[in-house]
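Worksheet: one structure, shown below.
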Amino acid sequence: MSIDLRDAEDNAAADAATGAFAVLREADERFSVYRPDSEVSAANRGEHPSSAFSDELTAVIALGDEAERASGGAFRIRKPDGTLDLDGVVKGWAAERAAEALRNHGMRRFCLNAGGDVVVGDAPDAAPAWNVGVRAPSDPDAILAVLAAENAAVATSGAYERGAHIVDGRTGAPAAGLLSATVVAGDLTTADILATAVFALGRPGVDWAVGHGATGVLALTDSGQLLVSGTIHFARPAA
């Protein structure tokens, strides 16, 4: 996670960054399946009934359930054994809350990068927008596209870093048809959920996402075809 703040006094920037990272740490403590003391881990062990779920966990589950309904079951937040798998929701949700913390501290020109998923505020300095690079699935050092974004969020899903971890919930099999799916939306919660859903749905998900909250979608198929739906603003290629 990284934060780029512009046009802010040092003390104000430090306070804003501290507040944003506190939001991210709190989310990790609550949702990480790698922490045995997290709320999600306790729920998955059957030690924390749904009647006692925090407002935050309840809200994230509701977002996932809505995405499951909207995608016809392709997007799922539960494994076959019934345990929660909130990876497709939590990162974007937490990062968007961290961005809101920056705004609450008066930050307007910022870029928050959450492991490649990005939320940006006003354009930096004299630039017309923030440039957001989308890496090529076949090469971590190559750029597939550079998008121009302002007061928007960009999220990408794929199998090129973590392997076939995204499953089509309708079949239980690894998602097929796309190498990567990038979604632009007004907030990172929406962009992150939709990027995962598009990847799970495959090619039909590209146009589907635009009708479910995406501003634009950029996807690379497994045959190397670049698909664009909605509005995507391309910046000049990275140097």
Rounded if a/c under 1.5, otherwise prolate or oblate - region 77-120, Cα gyration tensor axes: prolate
Theoretical FRET efficiency, 1/(1+(r/R0)^6), r = Cβ-Cβ of Y34 and D122, R0 30 Å, to 0.05: 0.25
Binned Cα-Cα distance frequencies in region 120-239 - 10 Å width, integer %: 15, 47, 31, 7, 1
Top positive-direction residue, dipole computed over region 1-128 with Cβ charges, set L24, G64, F53: G64
Point-charge dipole on Cβ atoms (K/R +1, D/E -1) for the chain, about Cα centre, debye to 20: 580 debye
The chain - convex hull of the alpha-carbon atoms, volume per residue in Å³: 126 Å³
Region 38-79: mean projected area of Cα convex hull, nm²: 3.1 nm²
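Could you compute the net charge surrounding D65? Neighbours are other residues with a C-beta less than 14 Å from the C-beta of D65; K and R count +1, D and E count -1. List each step's numbers first, then the result.
Details: positive: R69, R76, R78; negative: E66, E68, D85.
That works out to 0.
Under the Kirkwood approximation for Rh and a Cα-based Rg, what ratio Rg/Rh is obtained for region 31-142? Working shown, then result.
Working: Rg = 17.5 Å, Rh = 16.6 Å.
Ratio of gyration radius to Kirkwood radius: 1.05.
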Three-way shape call for region 130-188 based on the alpha-carbon gyration tensor, with the a/c threshold at 1.5: oblate
Dipole of region 154-239, positive end: most advanced residue of A173, T196, G230 [Cβ charges, Cα centre]: G230
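How do T156, T182, T58 stack up against each other in accessible area, from largest to smallest, with a 1.4 angstrom probe?
Order by accessible area, largest first: T58, T156, T182.
The values are calculated or read from the model by the stated rules, or taken from the named source; none is laboratory data. Everything quoted here is computed from the prediction, not taken from an experiment. When we count neighbours, we look across all protein chains shown, and the Cβ atoms used for this are built from the backbone with ideal geometry, even at glycine. Heads up: the accessible areas ignore ligands, DNA and RNA and are worked out on the full protein's heavy atoms, side chains in. Shrake-Rupley method; radii C 1.70, N 1.55, O 1.52, S 1.80 Å.
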